[in-house]
Amino acid sequence: MIESKLGERVFSTPDIQQRVQEVAHHISADYSGKRPLLISILRGAAYFTMDLTRHLTIPFDLDFMSLSSFKTGFKKIEIDKDVSEEMANRDVLIVEDIIDTGLTLNFLFRVMEKRFPASIAACTFLDCPERRFIEVPVKYSCFKIPDIFVVGYGLDFRGDYRNLMEVSTLFDPSGRSTQILKQMGKGGTK
C-alpha cells in the first residue's frame, strides 16, 4: 500500500467559496428566465455541485450521473448511473469536478446530443487544459490549474482527501508540484 500525505495548498476554502459564488452568479445571469437541468457527475463533483446550487438565484432541476472508465488499448467510458430527468428541449449544464483530458466530457456531450436538449454546456471546478487530448467546450470554470495532481473538495486519491474543504497537492518528493505552484504565484503553505 502506498501512503500519501498532503503537499502544498493550492486553493484555500475562502478562495474556493468566493469563486464558486462568482460562477453561480454568471450561471444565474446566463440562464435567467430558464430552468436548466444540472447534471452532477459523481462522485467528485458532488461537493462542488452542492455549493454551486446554494448560490444559484434561478430555478433548476438537479440530477446525477456516474461513469466508469477503463483502459483497453484506449480509454473506454461507460455509464454506471444515468439521469432520471428527461433532457429533450431542456438546457443542460454538466457539472464536473475537473476537466483534464477532455475524453469524459466529449463522451458526455455525444451522449447528451442524442437526447435532443435545447442546449448543452459544461461547468467545472478545475480546468486543466495542459492535459487535453481532445478539445471540449468549457463554459464555466472556477480555476485553471497546471498539470499537477490535486486532492480535496471532491477530488480524491484512492478514496482519500475528498472531504477536504481546500485543494492541495499530494506530497511530491521531487519538488515538481512546488516549482509549478511557485511559477503560478501559489504554494508555500500547508
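None of the figures in this text is laboratory data; all of them are computed from the coordinates on show. What you see is a predicted model, and the numbers here were worked out from it, not measured in a lab. So basically every Cβ, Gly included, is an ideal-geometry build from the backbone, and we count neighbours across all protein chains shown.
In this simple spin-label approximation, Ile58 and Asn89 carry label points 7 Å from Cα along the Cα→Cβ vector, and these lie 1.8 nm apart. Other residues with beta-carbon under 14 Å from the beta-carbon of Arg35 carry, at +1 per Lys or Arg and -1 per Asp or Glu, a net charge of -4. Return one number: the angle in degrees, 0 to 90 and rounded to the nearest 10, between the long axis of the Cα atoms of helix 46-55 and the longest principal axis of the Cα atoms of the chain. With rounding to tens, the tilt is 60 degrees. Residues whose amide H comes within less than 5 Å of that of Gly7, counting only those at least five positions distant or on another chain, are Thr169, Leu170, Phe171 (H built at 1.01 Å from N in the peptide plane).
Please give me the summed charge of the neighbours of Lys139: other residues whose Cβ is under 13 Å from its Cβ, Lys and Arg +1, Asp and Glu -1.
-4
To the nearest ten degrees, helix 13-30 and the longest principal axis of the Cα atoms of the chain are 20 degrees apart.
When the Cα positions of Gly102, Asn89, Ile58 are compared along the charge dipole of the chain, Gly102 comes out farthest toward the positive end, with charges on each C-beta of Lys, Arg, Asp and Glu.
In the chain, Cα pairs under 8 Å separated by at least six residues give a relative contact order of 26 percent. Shape class of the range 14-145 from the alpha-carbon gyration tensor: oblate, with a/c at 1.5 or above and b/c at least as large as a/b.
Taking the longest Cα principal axis of the chain as reference, the axis of helix 103-113 is set at about 10 degrees. Per-residue ellipticity at 222 nm, computed for the chain from helices alone with -39500 (n - 2.57) per DSSP H run of at least four residues, works out to -8000 deg cm²/dmol.
Here Asp82 and Ser12 are evaluated by their C-beta separation; at R0 = 35 Å the FRET efficiency comes out at 0.45. FRET efficiency for Asp147 and Ser69, Cβ-Cβ distance as r, R0 = 22 Å, nearest 0.05? So the FRET efficiency works out to roughly 0.70.
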